[in-house]
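Report on one structure; see the data block that follows.
FYI, it's all coordinate maths here, none of it is from the lab. Every value quoted in this text rests on a predicted model; they were computed, and no experiment measured them. When we count neighbours, we look across all protein chains shown, and the Cβ atoms used for this are built from the backbone with ideal geometry, even at glycine.
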Amino acid sequence: MPRAKVQRKSTSIDMTAMCDVSFLLLTFFILTATARQPDPLDVIIPSSTYKLKVPDLDMGILSIGKGKVFYEIVGKDIKMSTLDKMGEKYSIKFTPEERERFGVIGAFGVPVQSLKQFIMMSSDERTKSKMDTGIPADSTNNQLAEWILQSRTAVAELHSTSMRVSIKGDGQEEYPTVKKIVDILQKQKINKFSLITSAEGDAK
Amino acid sequence: MAELDTSGGGKKGKKVRSKKANTKVDLTAMVDLAFLLITFFMLTTSLSKPIAMDIAKPDKDDKSQEKNELRASETMTILLGKNNKVAWYMGEAGKSTPNVEGFSDIRKSILDNKKKVSETTGGRQIIMVIKPTSGATYKNFVDIMDELAITKITTAPAIDDENITDAEKDFMKGAGIL
C-alpha cells in the first residue's frame, strides 16, 4: 500500500511588501522626530503622576540647577524677535547671521554681554568655554526678568497668545532658589506656571 | 546569462540552459531590524514629551477685599522641612502640635484628615496649605503637590512660602527639620 503523501508547503513568505511598509514607517518616524538640542545644564527632574503633556509651542522653559538658571525659548521666530528686543534694551547690535544662529540655539545661560561671543561658537566650544554661568537674576542686574518679559512680548506680538512659562528644576535644588525664580515670575504677574516632571507609574 | 558555451559540443540534442540564479533574498532579518527601529522611534517621539504640573500661586498684588475666611478646623497645613521630612497640623498654628512624618506616611495622613473633615462638617472639602521652608528641596515640593493629586484634593491648595510663623519655625527647629 502506498503511503499517503503529505504535501510539504514552503514556510517562507514573501517579505518584500512588509519590508517596504516598515521602511516607509521608519522613514516617517525618523523625519518627524525632532533632533533634541543637548541640555547644557544637567537637571534630574522629579517624577510625578500627572498626565498633562506640555504643549510645545509658545513656551519658555527655565532650567534651574546648581543655583544657576538657564532659559530656553521655544520657536525660532520667537527667539529671533526676543533677541532683537534684548539687543535694543542692552544696546547690543546683533547681525543677521547672529540672529539666525540664535534662532536654532537651545537653552542658554550666559549674561547678555557675552551672548554675542557665545552665539558664534560651535556647540563643542560652548561646552568647553565654561561660559555657562547662568543668566544673572539678582535684583541689581535682573537679566532673567528681562528675557522673560521680552519673550512674552514677542509671543504676544507674533502669535497673539500668552506664553506659558515652565520650570524644569533639579530635584535636589533647594527651595529658596526656586522661590527666587518664582518671585521674579510673580513680579510680572505670572501666577500660573507649569512644573515639568517625568512620568511615574500609577500610585497604588 | 551571457556566457560562452565552452564545453565543446558535449551531448547533442540537449539544450544548453543558462543557469538562473535565485534572486530571492531573505528579508526576515531586514524586516526585524526595521520594526525594531520603528518601535524605538515611535516610543521616543511620544514618550519624550515632558509632563507638566500646573501650579497657581496667589497673586501678590491682589488688593481686593474679597477674601474668604478659611475655617481653621478644616485647614490642614503641611510644612516642608529638610531631610525629606514634613510637619503637618490641623487648625491654627501653635494650638495643636504638628506631627513630623516622612513622605511615605503623609498620604495616609492626608486621607485620614480629608475623611475626618468631610464627616464632621457634612461633606465639606478639606483645605490644604502648603508651606515650603528654606530647608526643603524642589523635589519635596513636587512630591507634595503630587500627593495632593493622588489623594484627589480638588480644592486648590494654597502655596504659601512667605508667611511662615515663628511658632512654626520654632517647632520645626525643635524637631530638627529646619
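Residues whose amide H lies under 5 Å from that of residue A:92, counting only those 5 or more places away or on a different chain, are absent; hydrogens are built 1.01 Å from N in the peptide plane.
Only Lys, Arg, Asp and Glu carry charge here, each on its Cβ (+1 for the first two, -1 for the last two); on that basis the stretch A:47-199 has a dipole of about 300 debye about its Cα centre. Dipole orientation for the protein assembly as shown: of the candidates B:86, B:72, B:106, B:106 has the Cα lying most toward the positive pole (charges on Cβ; Lys, Arg +1; Asp, Glu -1).
Round to a whole angstrom and tell me the spacing of the C-alpha centers of the stretch A:51-110 and the stretch B:101-136. Distance between centres, Cα-based: 40 Å.
Label-to-label distance for residue B:19 and residue A:77 is 6.5 nm, based on points extended 7 Å past Cα in the beta-carbon direction.
Pull up the DSSP beta bridges for the stretch B:72-174 and report the antiparallel fraction as a percent, rounded to 5. Close to 55 percent.
Within the protein assembly as shown, antiparallel bridges make up roughly 60 percent of the DSSP beta bridges whose residues both belong there. Size estimate for the stretch A:47-199 follows the Kirkwood approach: the inverse of mean 1/r over distinct Cα pairs works out to 16.0 Å. Legend: mean number of C-beta atoms from other chains within 10 angstrom of residue C-beta atoms, peptide A:6-15, equals 2.
Suppose we keep just the DSSP beta bridges with both residues in chain A; what percent of those would be antiparallel, to 5? Intermediate values should be presented prior to the final figure.
Values: 8 of 18 bridges.
Within chain A, antiparallel bridges account for around 45 percent of the total.
For the stretch A:40-94, the set of trypsin sites (Lys or Arg not before Pro) satisfying both a DSSP loop assignment and a count of at most 15 other C-beta atoms within 10 Å is given as A:51, A:66, A:93. Between residue B:39 and residue A:122, the C-beta separation translates, for a Förster distance of 35 Å, into a calculated FRET efficiency of about 0.55. Would you mind estimating how fast the stretch B:72-174 diffuses translationally, via Stokes-Einstein at 4 °C and 1.567 mPa s with the Kirkwood radius over Cα pairs, in µm²/s? For these conditions, the coefficient is 95 µm²/s.
Per residue of A:48-54, other chain Cβ atoms within 10 Å of the residue Cβ number 6 on average.
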